[in-house]
Each structure stands twice: as C-alpha cells, then as structure tokens.
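Contents: one structure, followed by commentary.
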Amino acid sequence: MEKTQSFLEGFGLDKSQIDVLLFLYAHGQTTVAEIARGCHIKRSTSYLVLDSVCQKGLANFIRKGSHRFYSAISPDEMCHLLTTGKEEAEKRLSEFDALKSDFEALSPVGPDRPRIRYLEGRSGMRELFDQMLKSGLHEEKYVGSPSLFQNALGKAYLQKFVARRIALKIRSKAIWTWPYDLHPYKPGEQYLREVRYAPKGFVAPTGVFIYGDQVSLLSAAREGFGVIVQSKDYFETMKSWFDSLWAICGEKPMTD
C-alpha cells in the first residue's frame, strides 16, 4: 500500500485525495455521502476533494436522479493517461528547447545574479531532489541525517532516488548528523557514498546539499519546504564550509 500511495503522490495528490481515490477503487461506484463516511471527512470537503481528483482525470461521475455516483478510472485508463501525459510532456519539452534562448533573452536576471526557488510540501521537496539529478553533477556533498530525508520524502522515493543516483554514477560525500543509526543507508563504494560523522552535539534539522553551482536546503517533514539557491558565491562559501567541517568529522560514529 505504501508503494501505491507513493505512486499516486506522483500525480500531485495529497493524503485526503489519495484516501478518497483508494476508497473509490475499493468500493466502486459510490455516492458522496458514502465517501464522506468511509474516509471520515466532511461531506462539503468530499465535494472539493472529488472535484480535484476528477480534474486530474483519475475519477469521474454519472448522475442518477439528483445524486452523483463517483468511480475511479480503470487501470487501463490510468495507463492511457500516463502514456498521453508522457507524449504531451515530450512534445512540450521539444517546443521549449526551440524557444529556450527566447526565454533567456526575456529574463531580467543577469548572468551573475543569484536565482532562488522556494518549494513546498512533499512534492516540492521531491522536485528538489529530482533537480539534483538533472543538474549534470558528478558529485553531491551534503550535511544532514538520512532519517530526516526519509521522513520528509518517503522511504520508497528515497530508495529510488539513491538507485537513480548510482545509475548516473553520481558520487555522494556525506556528513551524517546524529542520530546516526535510524536509517538503512550505508557508506561504501557500492553505493558511491563516502561518509563522515558529525559530533553528537551537532544539530542539523535542515539538510544542506552542495553541487554544481547550487546549494539546496531541505527542511524536516513537519515544516515541509525546500530552497534551491543558484549562486556561484554562495556555492563557494558553502563548499568551503563543508570542506572545513569534513576535516574535523570522524570516520566512525562519535559516541562522546
């Protein structure tokens, strides 16, 4: 079920939307009143959630008298939806490649002016991680706890991200913060991951990632935001900070 929920999050669905969609799959054609009771939400909220799920093409309804009966699309219809979305995305990307220079010419941002993006929610934080893989980097440096990232992004997503990183031969140089052992990730050449351990009192509730000419910040799940800063000066500052911190960190977990 966790994998199913993670997959549905890829459509940009939040928890209430996923709960309603899974209820529709489990119960078939269903009224709003039944959905509200089954998902433990207000009837007025059910209408809003159902409208948003229908707008994404994942559910539909028919009228019988004065009532609406909702149902989820079939697995075959979902496959078609994904295929159509892929084709449209590829078409739009091709169009953008031809227009990229026009957009750059319109931008008021000079070549040396920093660019900052603010991202919210789990989907935004996942976009931050996806952006790292798209940046053409050969190595990422980061400070933080993998358990923090796992809670913020979801275990299934983070495992897939690590597999993608390894497939792209992107090395990871990590300073792990305490608590060290609340996650399944390990250092080692098979993971292209080199690790050192920050002192036990070192606190880092926000992860810091340094790569290319960018620095990204990832908050804990309770705050749910990410920031991408593209700035050569800030990158050089944080790279120097990381290298200095790396030099004083231990190669084994610190117990004192």
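The values are calculated or read from the model by the stated rules, or taken from the named source; none is laboratory data. Keep in mind it's a predicted model, so treat the numbers as computed, not measured. Methodologically, a virtual Cβ is constructed for each residue, glycine included, from the backbone with ideal geometry; neighbour enumeration extends over all protein chains shown.
This table checks each residue for (1) free of Cβ contacts under 8 Å to residues at least 24 places away in the same chain; (2) among the aromatic types (F, W, Y); (3) surrounded by fewer than 16 Cβ atoms within 10 Å (Cβ to Cβ).
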| site | (1), (2), (3) |
| --- | --- |
| G12 | no, no, yes |
| L22 | yes, no, no |
| A33 | yes, no, yes |
| R37 | yes, no, yes |
| S71 | no, no, yes |
| T83 | yes, no, yes |
For this session: Six or more apart or on different chains, Cβ under 6 Å: which pairs go from a residue in the stretch 163-176 that's in the same structural domain as K200 (by TED's automatic domain parsing) and of a type in the set (D, E, K, R) to one that's surrounded by 20 or more Cβ atoms within 10 Å (Cβ to Cβ) and not in a helix (DSSP H, G or I)? Could you list them?
Result: K173/K141
For this session: Within the stretch 222-256, track down each residue that is within 18 Å of Y180 (Cα to Cα) and of a type outside the set (K, R).
Result: L245, W246, I248, C249, G250, E251, P253, M254, T255, D256
Exercise. Which condition breaks for Q190 when tested against (1) assigned to a helix (DSSP H, G or I); (2) touching a His at 6+ places or on another chain (Cβ under 9 Å)?
Worked result: (2)
Exercise. Among (1) touching a Ser or Thr at 6+ places or on another chain (Cβ under 8 Å); (2) under 23 Å from R122 (Cα atoms); (3) in a strand (DSSP E or B), where does A174 come up short?
Worked result: (1)
For this session: Tell me, yes or no, whether the stretch 61-75 has at least one residue that is over 19 Å from L8 (Cα atoms), assigned to a helix (DSSP H, G or I), touching a Lys or Arg at 6+ places or on another chain (Cβ under 6 Å) and in the same structural domain as D14 (by TED's automatic domain parsing).
Result: no
For this session: Please enumerate the residues belonging to the stretch 17-48 that are within 22 Å of G124 (Cβ to Cβ) and out of contact with any Leu (no Cβ under 9 Å at 6 or more places or on another chain).
Result: D19, L48
For this session: Return a yes/no flag: does the stretch 58-70 have any residue that is closer than 25 Å to R126 by Cβ and at pLDDT 90 or above.
Result: yes
For this session: Residues being more than 18 Å from G28 (Cβ to Cβ) and surrounded by fewer than 15 Cβ atoms within 10 Å (Cβ to Cβ): count how many of those fall in the stretch 57-67.
Result: 2
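Going by the conditions given, is E88 surrounded by 10 or more Cβ atoms within 10 Å (Cβ to Cβ), under 27 Å from the mean Cα position of the chain (by Cα) and closer than 21 Å to D19 by Cβ?
Judged against the criteria, E88 is not a match.
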For this session: Answer yes or no as to whether L128 is at pLDDT 80 or above, among the hydrophobic types (A, V, I, L, M, F, W, C), surrounded by 10 or more Cβ atoms within 10 Å (Cβ to Cβ) and not in a helix (DSSP H, G or I).
Result: no
For this session: Could you check how many residues of the stretch 224-256 are modelled with pLDDT under 90, assigned by TED's automatic domain parsing to the domain that holds P199 and either in contact with a His (Cβ under 9 Å, 6 or more places away or on another chain) or hydroxyl-bearing (S, T, Y) (or both)?
Result: 1
Seminar exercise, completed: Of the candidates S135, S219, S145, the one satisfying the condition of being under 20 Å from R115 (Cα atoms), touching a Pro at 6+ places or on another chain (Cβ under 9 Å) and touching a residue at least 60 places away in the same chain (Cβ under 8 Å) is S219
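Tell me, which helices (runs of 4 or more DSSP H) lie completely within the stretch 1-60 with 2 or more residues that are within 22 Å of the chain's Cα centre (by Cα)?
Numbers: elements: 2-9, 15-27, 32-39, 43-55.
Here the list reads 2-9, 15-27, 43-55.
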